Amino acid sequence: MIARAFISAVALGWMVAAATASRGAEPAATASSPARKPNVVVILADDLGYADLGIQGCRDIPTPNLDKLAASGVRCTNGYVSGPYCSPTRAGLLTGRYQQRFGHEFNPGGEGRADAKAGLPLSQVTIADRLRAAGYRTGLVGKWHLGAAPEFQPPRRGFDEFFGFLGGAHSYFPPQGAPILRGTEAVDEHEYLTDAIAREAVAFVERHKTDPFFLYVAFNAVHTPMHATDERLQRFAAIEDSQRRTYAAMLVAMDEAVGRVLDSVHAAKLTEQTLVFFCSDNGGPTMIGTTRNGSSNAPLRGSKRTTLEGGVRVPFVVSWPGRLPAGKVYDKSVIQLDFLPTALAAAGLTASVPQEQALDGVDLLPFLTGKNDSAPHAVLYWRLGDQMAIRRGDWKLVRYDRVADGGTAGVTTARLYNLAEDIGESRDLSADKPELASELQTAWESWSAQLAEPLWGAGRARQGARERARRD
């Protein structure tokens, strides 16, 4: 069954009841004025390994700011993304819908290589569209990767302000690489890119501290190319592996940037009025040739670009001091599709969409506060061409890229794992429980049949379907 398609309003008495289309500056709340809508900040890491934060057990790379963020809110140990690599996950995040529903199944390619028609379909409403219509100032700082043609760019997808780049990867030492844009105009940027992203995000907060704002901070760290500053590299001289050493320096830069952004929110006295989400766009690329970045997904098996846990299970934090419990660990499955409906509920808004664009994400607030002790999602699904996965409760059925087993092109047969007992997906139980495997396969096929044909990369998907038909 698909995830529930409605948004539940959260009974938080201080919230405003109605959305407004006014774009004027909103004064701070007083005793005689209604409380302002909460700010929403989404922080997205790129290719971060599951094991590479202090809160995830990392010991060789300090991440005090991200650890502090987790301590201020809820850490979700079964946090997922709806795609095992960059662009599809971002399409799902911004729409609250499985991206395969509207054909955004694959990456559109990098700048200079992308199909001019490849981008987040214009039919889809983004979280920035929704919040801007409700009076929010909206900004994106960092990586876009949802289409480079003018009609797909951030200024036309709900963002008042944009500073960053359009493709999937970028040099950390501009002006190398594609142009860095402010809005639609190239800028002369020379600062280390992670630091520049922090600078611009802080400036956005300072400009709009009297308005309700939505800020999407999309780092390219710790995606390749492996570029770090000399000063940060020197801190990790004790790490013998050069790739891991550079990765550590890049990750520390991102952690420092997160700290700067959160400090700016605190300095503006907006901490308790700001809902913050953090996750990675996929697992670390631990097995993918030249894109390996020195990350670790332990104890998970698999890598970016696979539907194993190492590809789709990520560090996942939701923080809203005073509204969500601090230091809580939440073990039920959640997904980045939930960011949009949770943000709307926090703002006292409901999603008005036609039935064919119903949301797959859910409002997490009642679950994270303990008001609702059921599971946010009965089932979660994944599809990337001929790879698939379905998780129901502790059980996961998955067909994944053979590269995860050291093989070459192609996918495995469907394999069944109990994640509560085997988080590393090492013991295939499909032969022991054939009825359960068949039941999950049928449920996944029913979901998959609802999806659109991929808008690009469709040849691979059709070839995969033919291969599956032959095997079955």
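The values are calculated or read from the model by the stated rules, or taken from the named source; none is laboratory data. Just so you know, these numbers come straight off a predicted model, no measurement behind them. Every residue, glycine among them, receives a Cβ derived from its backbone with ideal geometry; neighbour counts consider all protein chains shown.
Residues that are in a loop (DSSP other than H, G, I, E, B), of a type in the set (G, A, S) and touching a strand residue (DSSP E or B) at 6+ places or on another chain (Cβ under 8 Å): does the range 273-286 have at least one?
Residues of the range 273-286 that are in a loop (DSSP other than H, G, I, E, B), as a first pass: 281-286.
Okay, now just the ones that are also of a type in the set (G, A, S), so 283-284.
Next, only the ones that are touching a strand residue (DSSP E or B) at 6+ places or on another chain (Cβ under 8 Å) stay: 283.
Yes, that holds for at least one residue.
Out of the residues in the range 258-300 that are more than 19 Å from the chain's Cα centre (by Cα) and among the acidic types (D, E), state the one that is nearest to A45 (Cα to Cα).
D263
Looking only at the range 222-250, which residues are more than 26 Å from the chain's Cα centre (by Cα), among the aliphatic types (A, V, I, L, M) and surrounded by 11 or more Cβ atoms within 10 Å (Cβ to Cβ)?
L233, I239 - these are the residues of the range 222-250 that are more than 26 Å from the chain's Cα centre (by Cα), among the aliphatic types (A, V, I, L, M) and surrounded by 11 or more Cβ atoms within 10 Å (Cβ to Cβ).
Considering every residue within the range 91-113, establish whether at least one is farther than 23 Å from D360 by Cβ, out of contact with any Asp or Glu (no Cβ under 7 Å at 6 or more places or on another chain) and either surrounded by 24 or more Cβ atoms within 10 Å (Cβ to Cβ) or among the acidic types (D, E) (or both).
Let us first name the residues in the range 91-113 that are farther than 23 Å from D360 by Cβ, namely 109-113.
Going one step further and asking which of them are out of contact with any Asp or Glu (no Cβ under 7 Å at 6 or more places or on another chain), we end up with 110-113.
Retained after the next criterion (residues that are either surrounded by 24 or more Cβ atoms within 10 Å (Cβ to Cβ) or among the acidic types (D, E) (or both)): 111.
Checked the range 91-113: at least one residue is farther than 23 Å from D360 by Cβ, out of contact with any Asp or Glu (no Cβ under 7 Å at 6 or more places or on another chain) and either surrounded by 24 or more Cβ atoms within 10 Å (Cβ to Cβ) or among the acidic types (D, E) (or both).
Would you please list the contacts, defined by Cβ atoms under 6 Å and residues six or more apart or on different chains, that run from a residue in the range 176-201 that is at positive phi to a residue that is surrounded by fewer than 17 Cβ atoms within 10 Å (Cβ to Cβ)?
G177/S171; G183/P155
From the list V362, V329, exactly one residue is crowded, with 24+ Cβ neighbours inside 10 Å and either not acidic (D, E) or not assigned by TED's automatic domain parsing to the domain that holds A437 (or both). Which is it? Break it down stepwise before answering.
Details: V329 fails: crowded, with 24+ Cβ neighbours inside 10 Å.
Within the list V362, V329, the selection yields V362.
With the requirement that a residue be in a loop (DSSP other than H, G, I, E, B) and either more than 13 Å from A257 (Cβ to Cβ) or of a type in the set (V, I, T) (or both), what does the range 214-236 give you? Please lay out each step first, then the result.
Residues of the range 214-236 that are in a loop (DSSP other than H, G, I, E, B), as a first pass: 219-229, 236.
Of everything in the range 214-236, those that are in a loop (DSSP other than H, G, I, E, B) and either more than 13 Å from A257 (Cβ to Cβ) or of a type in the set (V, I, T) (or both) turn out to be V222, H223, T224, P225, M226, H227, A228, T229, F236.
Go through the residues of the range 236-258 one by one and say whether even a single one is assigned by TED's automatic domain parsing to the domain that holds I335 and under 23 Å from P38 (Cα atoms).
Residues of the range 236-258 assigned by TED's automatic domain parsing to the domain that holds I335: 236-258.
Now drop any that are not under 23 Å from P38 (Cα atoms), which leaves 257-258.
So far as the range 236-258 goes, yes, one or more of its residues are assigned by TED's automatic domain parsing to the domain that holds I335 and under 23 Å from P38 (Cα atoms).
Pick out the one residue from V411, V403, V398 that is at pLDDT below 95, over 20 Å from the mean Cα position of the chain (by Cα) and not assigned by TED's automatic domain parsing to the domain that holds G103.
Details: V411 fails: at pLDDT below 95; V398 fails: at pLDDT below 95.
Answer to the selection: V403.
Every residue in the range 361-399 that is more than 17 Å from S438 (Cα to Cα) and hydroxyl-bearing (S, T, Y), please.
T369, S374
So, of the residues in the range 27-43 that are under 27 Å from L340 (Cβ atoms) and part of a loop (DSSP other than H, G, I, E, B), which turns out to be modelled with the highest pLDDT?
Going through the range 27-43, the residues under 27 Å from L340 (Cβ atoms) turn out to be 28-29, 34-43.
In the following step, the residues that additionally are part of a loop (DSSP other than H, G, I, E, B) were identified as 28-29, 34-38.
On the way: A28: 37, A29: 34, P34: 57, A35: 77, R36: 84, K37: 95, P38: 98.
Among those residues, the one meeting the criterion is P38.
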